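Working notes for the structure below.
The numbers here are math on the coordinates, done by the rules we state, and not lab data. Since we're looking at a predicted model, the values are computed, not measured. Heads up, the Cβs are rebuilt from the backbone with ideal geometry, glycines too, and the neighbour counts pull from every protein chain shown.
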Amino acid sequence: MRAVRWTWAAAVFAAAIVLPLCWAVLASVTPEDRLFTITSFVPRGLVLEHYRALFSGRDFWTPIRNSLIVAGATTILSVALGAVSAYALARLAFRGKTPALAFVLAVSMFPQISIVSPLFLLLRELHLLNTYGGLVLPYLTFSMPLAIWLLVGFFRQLPVDLEDAAMVDGASRIRTLWEIVLPLSRPALATTAILTFLYSWNEFLFALSFTLGPERYTVPVAIALFRGQYQVPWGEILAGAVVATTPVAVIVFVAQRRIIAGLTSGAVKG
Amino acid sequence: MATIRLQDVSKVYPNGHTAVRQLTLDVENGELLVLVGPSGCGKSTVLRLIAGLETPSSGSILIGGRDVTREPPQRRDVAMVFQSYALYPHKTVRENLAFALRVQRVDPVDIDARVKKTAAALGIDTLLDRKPGQLSGGQRQRTALGRAIIREPQAFLLDEPLSNLDPVLRLGTRTELALLHRRLNATTIYVTHDQEEAMTLGTRVAVMRQGIVEQLAAPLEVFRRPANVFVASFVGAPAMNLWPATVERTPDSIRIVSPVCTVDVNSPDITRVKGGPVTFGIRPHEIDLVSEDEADGNGRAEIVEPIGPVTVVHLHVDGLSDQLVRAVVSVDTPVHVNERVHFRLRRDRVHLFDADTGAALGP
């Protein structure tokens with residue numbers, strides 16, 4: 001009886017999430033003039049005009065490229081720097097380790113909107129407005145804490161004996177990290193990379209504030225700015241949304257086992 | 001190969017726990033020294049101190065005459081076999097063996113030859129392309145051993161290398177380890193909590209308790225002349241019988257009066273023992289079951305344990321309420337539970353310890 005009730009609750013929840021998504025996909029292949037009729041849910045003849053408009057009418061490749069560069073660079077940097085920092089915090093003995101870890105977490109607690117203006121001024125001084133660096137640097141402020149906390153948790157539950165053995169075998173700390181710890185941490189590194197990528201790919205506020213022209217817009221910003229003064233091209237917006245979501249959805253579907261394993265690793269001894 | 005010297009080494013952990021106290025230890029070239037003791041006695045810490053995985057709070061450590069107290073593990077040139085084996089799970093047996101040599105930038109052709117030679121010597125040459133997860137316990141143990149041997153280090157440090165093996169395999173591997181040590185003639189420090197391993201493998205045995213070496217001597221010496229009550233009760237199985245007694249001196253012999261029995265001992269070993277309260281000790285196999293007229297005392301058989309080659313009889317003796325007297329008898333001696341048996345102690349195998357300090361009394 002209870003199980004049945006939960007199943008229903010889960011179904012309703014899933015529907016609430018999946019329905020708008022399906023609607024967006026359907027609408028993106030529905031002709032513009034039928035978009036607002038009540039029967040738009042029943043597809044009658046699929047059209048690809050919105051997609052064609054997206055890539056030939058507008059230059060949607062540029063925002064995709066921008067997003068890939070920014071999210072990719074953020075991911076690579078935060079995993080690389082995060083791994084080194086996390087290893088130090090997990091294994092080396094030094095004064096102020098716990099405060100450092102707490103500080104890292106505290107930094108990520110600031111509401112984004114509260115640091116947009118100071119960051120804008122800062123980036124302007126550094127001449128980083130409207131550059132890839134001007135997005136990657138702020139993105140690191142929220143992706144590094146995530147990376148560090150995920151990886152510290154994972155590194156701590158690796159058996160210390162392995163690292164001791166490597167050091168007795170003559171390997172330096174860095175070599176031990178590179179040859180022993182990181183290969184064993186692949187699930188955690190993958191999880192960190194995927195979460196960081198998702199976050200950076202979808203980020204909107206910073207991207208909107210720190211880019212000044214279409215040549216640097218990321219996908220979310222570009223889609224948001226499709227809207228003209230007199231009309232909202234819903235078909236193209238939804239087509240853009242589908243294009244933006246598809247690669248991310250594919251990554252998550254392929255890697256979901258890893259993400260869950262990475263997030264819960266260290267929770268129980270296994 | 002090299003000597004290892006620990007000089008007044010202490011290790012106090014940040015939480016205040018003292019793992020090793022003022023330890024001075026000399027390991028000779030080619031010797032196999034066994035550190036044995038109950039868990040928490042500091043024996044593994046001594047090994048980690050020598051490996052450089054822990055830094056001593058005071059004192060110095062010398063390997064081959066070189067002071068390595070402040071050197072990191074990478075620069076000590078010792079090899080360690082961990083209790084968990086600590087094989088790199090993502091590397092094959094070949095890569096596990098080759099790792100240390102690769103770190104040392106040994107020529108790849110040379111590495112390959114040494115891997116083959118070591119693997120052949122340990123009988124793991126057919127497993128080189130497997131990963132540790134695909135190996136049995138014994139094969140993992142050999143791989144861990146191979147990873148140490150291949151380096152030809154100054155010294156080997158073995159931390160309970162047999163404790164994760166099942167009993168049959170453990171005995172076989174123990175023999176192989178003894179052979180291996182004889183062949184390599186390598187300075188080795190071997191940590192175990194199993195006193196039988198310690199006795200069979202060690203050139204010398206150091207019995208440790210609470211961070212202190214209670215006795216350091218050849219295995220049989222430790223067995224025959226335990227330095228104190230702790231060593232006496234820790235070494236030997238079944239454990240030595242120990243009970244309180246009083247010594248009465250006569251000019252040329254001593255009389256030991258205890259609740260169990262009263263015996264006169266006239267051996268040159270204990271002629272210098274003074275009168276007074278003592279702890280009296282005798283090993284279970286130095287107690288013989290005899291007829292009533294020859295007996296020192298008698299007891300009721302409480303538990304009879306036939307363990308194969310011999311039978312252990314636990315006797316309840318009147319006057320000794322808080323413990324049973326253990327005697328080892330031949331399997332052919334018929335003893336039944338609740339039967340009253342008479343026993344005699346071998347006079348020349350009696351141990352006496354100071355009642356307060358527990359130190360052995362004697363020469």
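Okay, here's what the table says:
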| item | result |
| --- | --- |
| Pairwise Lys count, segment B:4-227 - Cα closer than 24 Å, eight or more residues apart or different chains | 6 |
| For the protein assembly as shown: rounded, prolate or oblate by the Cα gyration tensor [a/c cutoff 1.5] | prolate |
| With Cα atoms, 0 to 90° folded angle of helix A:97-107 axis to chain A main axis | 10 |
| Peptide-level mean, for B:98-109, of C-beta atoms on other protein chains within 10 Å | 3 |
| Top of A:Pro233, A:Pro214, A:Pro111 by mean-square fluctuation, Gaussian network on chain A, Cα under 10 Å | A:Pro111 |
| Helical mean residue ellipticity (222 nm; -39500 (n - 2.57) per DSSP H run of 4+; nearest 500) of chain A | -22500 deg cm²/dmol |
| Chain lengthening between A:Val4 and A:Arg186 when straightened (0.36 nm per residue, less Cα-Cα) | 61.7 nm |
| Under the Debye formula (equal points on every Cα, no solvent term), log10 I(q)/I(0) of segment B:238-361 at q = 0.15 Å⁻¹ | -0.67 |
| Cβ-derived FRET efficiency at R0 25 Å, B:Lys131 paired with B:Asn164, nearest 0.05 | 0.90 |
| GNM result for chain A, Cα springs below 10 Å: residue of A:Thr176, A:Thr196, A:Thr75 fluctuating most strongly | A:Thr176 |
| At most 14 other Cβ within 10 Å, DSSP loop - chymotrypsin sites (Phe, Trp or Tyr not before Pro), segment B:174-248 | none |
| Cα-derived Rg over Rh, computed across segment A:53-264 with Rh taken as Kirkwood radius | 1.05 |
| Pairwise centroid distance, computed over Cα atoms, of segment B:171-243 with segment B:31-47, Å | 10 |
| Most fluctuating residue given options B:Arg209, B:Arg105, B:Arg346, as computed from a GNM of chain B linking Cα atoms under 10 Å | B:Arg105 |
| Efficiency of FRET from Cβ geometry, B:Ile212 and A:Trp23, R₀ 60 Å, rounded to 0.05 | 0.20 |
| Using distinct alpha-carbon pairs, which all enter the 1/r mean, Kirkwood radius of chain B in Å | 23.0 |
| Cα-centre dipole for segment B:238-361 with unit charges at Cβ (Lys and Arg positive, Asp and Glu negative), debye to 20 | 280 |
| Computed helical MRE - 222 nm, chain B, DSSP H runs ≥ 4 contributing -39500 (n - 2.57), nearest 500 | -7000 deg cm²/dmol |
| Inter-probe distance in nm under a simple model that places probes 7 Å from Cα toward Cβ, at B:Ser253 and B:Leu220 | 2.8 |
| Simple label model, 7 Å out from Cα along Cβ direction - A:Leu48 to B:Gln104, nm | 6.4 |
| Gain upon complete extension [B:Arg21, B:Asp348; 0.36 nm per residue less C-alpha separation] | 114.2 nm |
| Extension reserve of the A:Gln112-A:Ser56 stretch, reckoned as 0.36 nm per residue once the Cα distance is removed | 16.7 nm |
